[in-house]
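The values are calculated or read from the model by the stated rules, or taken from the named source; none is laboratory data. Computed from a predicted structure; not experimentally measured. Positions of Cβ are generated from backbone atoms using ideal geometry, with glycine treated the same way; all protein chains shown enter the neighbour counts.
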Amino acid sequence: MKNINLKVSALVLTTMFAVMQVSASMDTGLGAGNGGAVINSTTGGFAGMTTGNNSATLNFDANTHVNWDTLNVNANETLNFNAVNGANGLTVINTVNQGMTNIYGQINANSGISQLIISNPNGVLFDGAKFSTAGDAMITTQAFNTANMNLSNPTFSDTAVGAVTIKNSDFSVGGDINIIGNNMNVVKSAFTANNGKGNVHFTTTNGQDYFVNPTTGNLTETQAVRLEAVQVNGDVYITSDRGIVKTVTGGQFNGDLNINSNGSVALNYVDNGEVLHVTGDVNAKANGTLMYARNTKVDGNLNMTNGGGFLEVGNVQVGEDMNLTTIAESENPYGYKHFTHVIGKNKIGGNATINSENNIHIGNYNFEEDRLLNGKLEVGGDLTAHANNGHVTTTIDVNANKIDLASEKLNVLTNDKAVLTANEYKFKSNGYIGAISDYTDENGNVLKTEDQIIDIMENYRYIPKDIKSHGYTHIAGGKITNIETPKDSQVYIASNGDVVLTGADAGDINITAYRKRIDVQGPDVHARNINVGPETDYLKVEFEGRDFTTNYTNIRDGKVVTIRPDEVITYDLADGGYNQPTLKPTEDKTYLIGPDRQVPPSREESNPNPPSDDNVRLRNWVPEDPTKPLVSTPVAYAADLDDDDPNPCRKNVDGSVTVVRAYPMMGD
């Protein structure tokens, strides 16, 4: 590096203001291959410069503005900013007049400088660079007038035209890091603010105490902030007035991630199999056409709000609560309605709360192929999903402590496959609650479940009261504390476990429990009808003053029996159903029909020594697993039964009844 060449035509010391002014330029000798690092003038406490060993050191004993013609640092060069003569708490502002600033080497500032600012409206590039300061650091493409060193009330010139690009660089700052530009691209770089206790700001608009970048009014989804495989130690704040804020190919944020954008936000826009990991909370607010987090792990809370379009989380892990919100703050310019997706395999440690102005879809979806996929949502706490103008649709299994699904204007839907597992459930709909299943119309056209669901959601179709392709919303069992629909609507719920219904204000509730119990309790259950499926082993409806009728099926003739509101009904289908169900009669000696689709007993439930007498013969059931032995099961028959009776039964000695309905089996 060549020695400093001072091209000074006049050097005026003004002791009254304790400043140094250089009216001609000084060649620092740095960056000769990048256009040079040449000082045009300084205003303030410039105390001279030293050079050597590919470095240049600028010394200051008061606040200073350094105006550079060009500012560049090569890969093997170092530029130091030092406070001297006991000075501390200094602000040093560097403004650049010509061309981009290209930093390939190292920039340092010692502990006496509390703020180091580099401003170049033409753009700033850090590539393979190291940036180390003891105080705050600011990199901006906003030009401003530094005649007044009071940064609490600065004056600005034209809007920035260049970008901030940071690649393969390392920023280690003793205070906060502020990067402000028209747009910015950060690739595979690391930022540490105050040993991980400070803040890192990426700003493309007025969101700080200073540096303004007004919006152009362009609604195109242009890039605003792009962070690729970035590591940050400290809390991150991203502020943008338009375009898209996105992280790419994972990254590590050791702190909170806070985003406030008037455009779109995409966390892990392209993940390439890499996980975006945030060790603190994520707080993101946007008003753009899209907003999502994919393949993301958040150790704290995940809070996302979008006023302008889709909001999606996919394959995320959240240690604490997840809150997703879309609001009617404004519609986006492309006409999309709000749509909240929770897709793929997601695991939430705390509560999951979804409030959507329009649709909510908890499922999985291939956008390119326009089809539904498998997935799962696991919630450690409670799941609440409320939609205002849209459907609430579940097409994957969901586990939570409590599940609360509500649609104020449309329907609560499933795909007849997804199972909801919780201790308590609430369902509210302006229409239908249940599943959509395959349906063949009068012309023989088969309408597949997923095609219907996609069409219903995308076009916000109301489900008619006489839906022909209905199916059941499947629950694993538990307590249903509320079912709410209009009085002319239908509800279809099937439980795989014992279920208790304690609250309802609905139309027709069609409920069944496969080989399990249904218990309707308390005066808070109101409906037009409660229709119980024949698969239910046990039914109990005993409280007085109810306002609904109960319908079940008689075992002897297969006809529906209606229990008036002032009657009490209890029936018990013993031995778990299967192929030898016995029934205890009610007081009026009515018998309930056995299961219309038999479930083979497991090995544990099979009787190794089944009875054999004149009324019983043995049949062998061949298990699906051929390595397991045949299971012998008793099948009752009686010679004097009416062969034309589709539901024959034998009355046993103890007064119980055995349904004669064998499996299709092989062998005798």
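A few points about this structure:
- Pick from the stretch 166-186, criterion in a strand (DSSP E or B) and surrounded by fewer than 21 Cβ atoms within 10 Å (Cβ to Cβ), ranking: modelled with the lowest pLDDT: Asn185
- Filtered residues of the stretch 477-515 (kept if modelled with pLDDT under 95 and of a type in the set (Lys, Arg)): Lys487, Arg515
- For the stretch 450-472, the condition holds for no residue, the condition being that it is surrounded by 23 or more Cβ atoms within 10 Å (Cβ to Cβ) and closer than 17 Å to Glu424 by Cα.
- Counting only residues that are surrounded by fewer than 17 Cβ atoms within 10 Å (Cβ to Cβ) and of a type in the set (S, T, N, Q), the stretch 473-505 holds 2 of them.
- Meets criteria (modelled with pLDDT of 75 or more and more than 38 Å from the chain's Cα centre (by Cα)) for Ile118: no
- Between Ile436, Ile463, Ile456, Ile467, the distinction of being in contact with a helix residue (DSSP H, G or I) (Cβ under 8 Å, 6 or more places away or on another chain) and over 23 Å from Thr536 (Cα atoms) belongs to Ile463 only.
- Checking Gly478, Gly507, Gly434 one by one, the residue that is small (Gly, Ala, Ser), on the phi > 0 side of the Ramachandran plot and in contact with an Asp or Glu (Cβ under 7 Å, 6 or more places away or on another chain) is Gly478 and no other.
- The single residue among Gly280, Gly273 that is modelled with pLDDT of 95 or more, over 15 Å from Val187 (Cβ atoms) and part of a loop (DSSP other than H, G, I, E, B) turns out to be Gly280.
- With respect to the conditions (1) closer than 15 Å to Asp170 by Cα; (2) part of a strand (DSSP E or B); (3) in contact (Cβ under 8 Å) with a residue 40 or more places away in the chain, Asp69 lacks only one, and its number is (1).
- Residue ranges of strands (runs of 3 or more DSSP E) in the stretch 383-501 with at least 1 members more than 23 Å from the chain's Cα centre (by Cα) and free of Cβ contacts under 8 Å to residues at least 40 places away in the same chain: 433-436, 490-495, 499-501
- Flag for Gly300 being among the small types (Gly, Ala, Ser) and surrounded by fewer than 21 Cβ atoms within 10 Å (Cβ to Cβ): yes
- Some residue of the stretch 239-251 being in contact with a His (Cβ under 8 Å, 6 or more places away or on another chain), at pLDDT below 95 and not basic (Lys, Arg): yes
- Test for Tyr425: is it at pLDDT 95 or above, surrounded by 22 or more Cβ atoms within 10 Å (Cβ to Cβ), out of contact with any His (no Cβ under 7 Å at 6 or more places or on another chain) and not polar (S, T, N, Q): yes
- Identity of the residue in the stretch 13-39, modelled with pLDDT of 50 or more and either outside any loop (DSSP other than H, G, I, E, B) or charged (D, E, K, R) (or both), that ends up surrounded by the fewest Cβ atoms within 10 Å (Cβ to Cβ): Gly33
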